[in-house]
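Taking it in order: structure first as structure tokens, then the write-up.
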Amino acid sequence: MLLAVDCGNTNTVFSIWDGESFIATWRTATEWQRTADQYYVWLSTLMRLQEIEADITDMIISSTVPRVVFNLRVLADRYFHTRPLVVGKPECRLPVDVRVDAGTAVGPDRLVNTVAGYDLHGGNLVIVDFGTATTFDVVAADGAYIGGVIAPGVNLSLEALHNAAAALPHVDISQPQAVIGTNTVACMQSGVFWGYIGLVREICARIKAERGTEMRVIATGGLAPLFQQAVDLFDDYHDDLTMHGLTVIHDFNKEKAE
Ligand SMILES: Nc1ncnc2c1ncn2[C@@H]1O[C@H](COP(=O)(O)OP(=O)(O)O)[C@@H](O)[C@H]1O
Ligand SMILES: CC(C)(COP(=O)(O)O)[C@@H](O)C(=O)NCCC(=O)O
Ligand SMILES: [K+]
């Protein structure tokens with residue numbers, strides 16, 4: 001079975017893929033200091049609790065935090081006796097082209113999303129991923145990643161307000177009752193919530209105009225449904241888009257190796 005690891009700047013998600021479906025998914029905070037032994041204690045405990053008998057034979061990693069890869073490699077070697085595929089490394093081949101400026105190290109999460117989006121929907125896509133940062137990945141007609149947009153994440157924007165201004169509290173995102181806030185929290189939520197809807201709409205419209213073609217907008221990340229319920233922004237939503245992409249890349253590399 002395959003252990004797929006999607007490490008973002010905030011959270012790291014582990015999923016076990018049995019070749020047909022994900023039989024388990026667990027999430028932990030991303031901490032580069034965490035050792036292979038710590039990962040294994042955590043993973044094996046969860047497996048036992050959920051009575052999952054998985055023989056992990058393969059592992060694939062996408063990490064936007066380069067430092068965590070070392071300990072994840074040790075986890076693969078010490079506990080699963082396998083060499084992991086690491087997206088973005090030369091030995092990990094991708095089923096799509098990457099057409100960006102020379103020397104640009106594209107976030108592996110964006111490459112994985114591109115592969116997943118193309119596999120599920122074909123080309124001409126904008127993939128919006130609500131993570132620590134909100135990324136827009138543009139997928140050409142042939143599935144190539146051709147660039148995109150990086151915007152401050154939703155929670156990052158709220159945190160930035162709180163950190164920079166003494167009188168602004170910590171606030172969670174939610175849809176405010178009205179645009180005009182009549183208290184501090186409502187004002188902050190309005191700024192980020194409606195501001196974000198404007199940001200997504202404007203960026204998608206400009207990407208479509210720049211490409212001069214119809215493009216489908218695919219969203220991923222836990223916050224997408226919150227925005228979609230207020231305004232029709234996305235053509236489709238997948239909460240496990242990145243995980244799906246990891247299985248596609250794993251299969252592609254397996255086929256190439258045979
Ligand atoms: N369903 C959700 N509701 C509220 N906040 C969420 C939800 N899913 C993720 N978040 C928040 O969004 C931010 C980004 O989360 P995540 O997608 O895990 O980021 P990354 O992939 O960059 O680690 C985090 O601050 C997280 O707490
Ligand atoms: C933009 C990102 C920080 C998003 O990461 P995330 O929000 O998933 O943690 C990540 O994709 C990244 O570090 N990218 C490198 C630069 C680039 O993609 O062009
Ligand atoms: K992201």
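Considering the conditions (1) in contact (Cβ under 8 Å) with a residue 40 or more places away in the chain; (2) within 21 Å of VAL87 (Cα to Cα); (3) not acidic (Asp, Glu), VAL106 is excluded by exactly one of them, (1). With respect to (1) open to solvent by 20 Å² or more (accessible area, probe 1.4 Å); (2) part of a helix (DSSP H, G or I), the lone exception for TYR39 is condition (1).
Taking the range 9-36 as the range and being open to solvent by 60 Å² or more (accessible area, probe 1.4 Å) and closer than 23 Å to ASP129 by Cβ as the test, the residues that pass are ASN9, THR10, THR25, ARG27, GLU31, TRP32. Just one of the listed residues (VAL86, VAL74, VAL106, VAL96) is closer than 14 Å to ALA141 by Cα and hydrophobic (A, V, I, L, M, F, W, C), namely VAL96. Please tell me if ILE218 is touching a residue at least 40 places away in the same chain (Cβ under 8 Å), open to solvent by less than 10 Å² (accessible area, probe 1.4 Å) and either within 16 Å of ligand 3 (Cβ to nearest atom) or in contact with a strand residue (DSSP E or B) (Cβ under 6 Å, 6 or more places away or on another chain) (or both). Considered against the rule, which asks whether it is touching a residue at least 40 places away in the same chain (Cβ under 8 Å), open to solvent by less than 10 Å² (accessible area, probe 1.4 Å) and either within 16 Å of ligand 3 (Cβ to nearest atom) or in contact with a strand residue (DSSP E or B) (Cβ under 6 Å, 6 or more places away or on another chain) (or both), ILE218 comes out as yes. Scanning the range 11-31 for residues being out of contact with any Gly (no Cβ under 7 Å at 6 or more places or on another chain) and within 13 Å of ligand 1 (Cβ to nearest atom) gives a total of 10.
Of all residue pairs spaced 6 or more apart or on separate chains, those with beta-carbon atoms under 7 Å, a first member in the range 177-205 that is farther than 20 Å from ASP236 by Cα and a second member that is open to solvent by 70 Å² or more (accessible area, probe 1.4 Å) and among the aromatic types (Phe, Trp, Tyr) are VAL179/TRP194.
The residues on offer are PHE227, PHE234, and the sole one that is in a helix (DSSP H, G or I) and touching a residue at least 12 places away in the same chain (Cβ under 8 Å) is PHE227. Annotation note: of ALA140, ALA144, the sole residue that is closer than 25 Å to VAL65 by Cα and more than 16 Å from ligand 3 (Cβ to nearest atom) is ALA144. From the list ASN113, ASN124, ASN71, which one is under 18 Å from ILE207 (Cα atoms), away from ligand 3 (no atom under 16 Å from the Cβ) and polar (S, T, N, Q)? From the options ASN113, ASN124, ASN71, the qualifying one is ASN124.
The values are calculated or read from the model by the stated rules, or taken from the named source; none is laboratory data. Everything numeric here is computed off the predicted structure, so don't read it as measured data. Neighbour counts run over all protein chains shown; Cβ positions are idealised from the backbone, glycine included. The accessibility values were calculated without ligands, DNA or RNA, using every heavy atom of the protein model including side chains. Shrake-Rupley method; radii C 1.70, N 1.55, O 1.52, S 1.80 Å.
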